[in-house]
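Q: Shown below is the structure under consideration.
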Amino acid sequence: MALGEPRTGILHRGGRVVIALAVSGLVALLTHSLGLDRQQVISVSIFIVIIMATLLFWQFRLAIAFVGIGALMGTNVLTLPTFIEECQLDVILFLVGMMVTVGVLKELGLFTWIIQSVIALKGMTGRRFVAIIVFLGAFMACVVDEVTSIVFVATLIFQVCDTLKIRPMPFIIIAVMGTNVGSAGTMLGNPVGILIGQNAEPPLSFIDFLQWSFPVMLVALTATLGVLMWWFRVDIRLLSERLEARRELGLGLGPLVRVPYKRGLAILVGMVGLIASHHFLEQTLHLAPNTILIVAPLVIAGLLMMWRHERSRHYIEADVEWWTLLFFMMLFAVAGTLEHTRVTERIADSFHGAFGGRSLILIPLILALSAIGSAFVDNIVFVAAFMPVVNKLQQTPLVWALVLGTCFGGNITMIGSTANIVALGMLEKRYRSSIPFIEWLKVGLVVGLVTGLIAWAGVAVLSPYMPTMEQRLQKVRIHGQPALPMEPTGGR
C-alpha cells in the first residue's frame, strides 16, 4: 500500500482522466461481452476506477472511493447492510490499536534507543552496517509494522550518511527492500497480513505465519541481502573507507544520549507475547478464532491511554492514520461487492477450469499475479479482491503464495508499498532529491525475481506438510483439543 503520490506528473490531469475513463469503459465492455450481468459489470467497472485512482489521482483516492461507494449503492449493487458487513471493522480496529500503541512506544524512546544501540556498536564496517539495516528493518516490521520500521531505520541511515558525507539513496533502497521482505514474516508486518489472516477460510493465527511464512521470509531476506551487497558494492566500500578514516581519528558515528527504554521494551514484548499466544488463549477461553488477536492491541492501547491520559487525545488524532483507514474501509466494501455479485466466484471457476487443482501451476501463478499487482497497485486493493478467489480454490498453499507475493512484489517499483513511499518522502524532505524510477526498477526487478523464486520453492516444498482446509476447519471446531496429526497431504 502506498501513502504518497506516484510519479504521474508527466501526464496532464486531463490526459489521466481520459486514460482512467477509457480503461474503465474497456473493462465494462469486456466484462459485458464475457456474459457478466449488469450488477457484475458495474461492480467490476467501479473497482477498476478505484484502481486507476490509486495510480493516477492518488491525492483524490479517498474522494473517488466515497463517490464509488455512492454509485454502488445508487445502482443497488451494494446495500447498506452489505457495506457494513464488508468494511472489515475488525481489521480497522486492530490497526487503530496498533497505531496508538506504536505512538506511545515512540514517545517512550524505544525506537531512539534502538538507533543509539546501533550507532554505539564497535568495529562497524560497510557490509556490517548494511546487514544491520536489512535485518533490523525486517524484524522491526515483524513486530510493529513496515511503516514504523522504515521511519526509524531511515532516521538511522540519515544520521550515519550525514556524518560520513555519503549518498543516503542506496542505503534507503537497501533498508526498504529488507523491510518489505521482512513484512511477510508475521501478521503484524503489513496490513495485508492481518487482512489475509482474518479472511482466510478458516482464519489464520499468528503461529501459522511463524510456521509457514516466517521460514520462507528468512531465506528470501538472506538472498536479498546478498543481492543488495553486490548491487551497491561501490557505495558499501566507500562507507567502509569513511568509517575506517573516522576510527583512525578516534571519532564515532554521532553523539550518543541515554534513553530510558525499559518501559517501552516491556510494553512491546508484552504485546507481541499476547498476540503470539492468541490462538492458545482463544481455545482455552472458547472464543471465536482471532478474537484475542483483534482485541489485544485495543486493550493495550486503552490501558496506555489511561496511563498517559494527558496525551490520549493526541494519540488518537495524530498517531492514527484516519485518512488511510477510511480508504481501507471503502476499498474493502468495493472489493466485497465483487464477492457479493459472484465475480470472484467466476474468476475462481475460470482458474479451476483452466488448471484444475494442480498446485504446481497455481502456486507460481498466484505468486506472479500478486507480485505484479502489488508492484503497481495498492496491495490492499489486490488482496481484498483476490482473497475470495483463493478461498474458493480451497488450497492452503495458495494463501501463503498470496501473502509472500504481495509483500515481496512491493520491492519491484518505488510505489509498490507503504514503506517505499514513506522512505522516499523522508528522503525528498531532507535532501530535496529523489530516486529515479528506473534506478529503483532495475534493482527492484532483480530482488523481486530472486525472492519470488524463493517463495515459489518454499511454498512448494512446505505444501505437502501444510494442513488441508478440512484439517484447519476441524481444528477450529474442536476448541481446546490438539489439532489432528499432519501428514504430507499436498495442502489441498
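Q: Would you list, by chain and number, the lysines whose Cα falls below 21 Å from the Cα of residue 262, excluding same-chain residues fewer than 8 positions away?
A: Of all the lysines, those that pass the test against residue 262 - Cα under 21 Å, at least 8 places apart if same chain - are 106.
Q: Right, next: Evaluate the charge dipole of the chain about its Cα centre and quote only its size in Debye, nearest 20, assuming +1 on the Cβ of each Lys and Arg and -1 on the Cβ of each Asp and Glu. Mind dumping the intermediate values first?
A: Numbers: 34 positive and 28 negative charges, 264 e Å.
Charge dipole of the chain: 1260 debye, to the nearest 20.
Q: How about residue 392: which aspartates and glutamates have a C-alpha closer than 14 Å to its C-alpha, ignoring those fewer than 8 places off in the same chain?
A: Straight-distance partners of residue 392: 201, 339, 345, 349, 470.
Q: So what J values fall out for the range 98-111 if you push phi through Karplus, 6.51 cos²θ - 1.76 cosθ + 1.60 with θ = phi - 60°, rounded to Hz, Gly and Pro as x?
A: 5, 5, 5, 4, 5, x, 5, 4, 4, 5, 7, x, 4, 6
Q: Continuing with the same structure: Can you run phi through the Karplus equation (6.51, -1.76, 1.60; θ = phi - 60°) for the range 197-212 and list ³J(HN,Hα) in whole Hz, with x for Gly and Pro?
A: Per-residue couplings from phi come out as x, 6, 9, 5, 10, x, x, 9, 9, 4, 5, 4, 5, 5, 7, 10 Hz.
Q: Compute the acute angle (0 to 90°) between the alpha-carbon long axis of helix 418-431 and the principal axis of greatest extent of the alpha-carbon atoms of the chain; round to the nearest 10°.
A: 40 degrees
Q: Rounded to the nearest 10 degrees, what's the angle between the helix 322-340 long axis and the longest principal axis of the chain, both from Cα atoms, 0 to 90?
A: Approximately 30 degrees, to the nearest ten.
Q: With each pseudo-label sitting 7 Å past Cα toward Cβ, what's the residue 60-residue 441 distance in nm, one decimal?
A: Between residue 60 and residue 441, the label points sit 2.5 nm apart.
Q: Amide H to amide H, which residues 5 or more places from residue 411 or on other chains are under 5 Å from it, using H placed in the peptide plane?
A: The answer is none.
Q: Listing 439, 248 from the residue with the fewest other Cβ atoms within 10 Å to the one with the most, what is the order?
A: Least crowded to most crowded, the residues run 248, 439.
Q: With semi-axes √(5λ) of the Cα gyration tensor in Å in mind, check [x] 36, 27, 24; [y] 39, 26, 20; [z] 41, 23, 22 and report the label derived from this structure.
A: Answer label, from the structure shown: [x].
Q: Here's a follow-up. Just rank 139, 94, fewest to most, by other beta-carbon atoms within 10 angstrom.
A: Going from sparsest to densest Cβ surroundings: 139, 94.
Q: Whole-Hz Karplus ³J(HN,Hα) for the range 186-193, in order, using 6.51 cos²θ - 1.76 cosθ + 1.60 and θ = phi - 60°, x for Gly and Pro?
A: With the stated coefficients, the range 186-193 comes to 9, 5, 8, x, 8, x, 5, x Hz.
Every number here is computed from the coordinates shown, using simple stated rules; none is lab data. Since the model is a prediction, treat every value here as computed from it, not as a measurement. Every residue, glycine among them, receives a Cβ derived from its backbone with ideal geometry; neighbour counts consider all protein chains shown.
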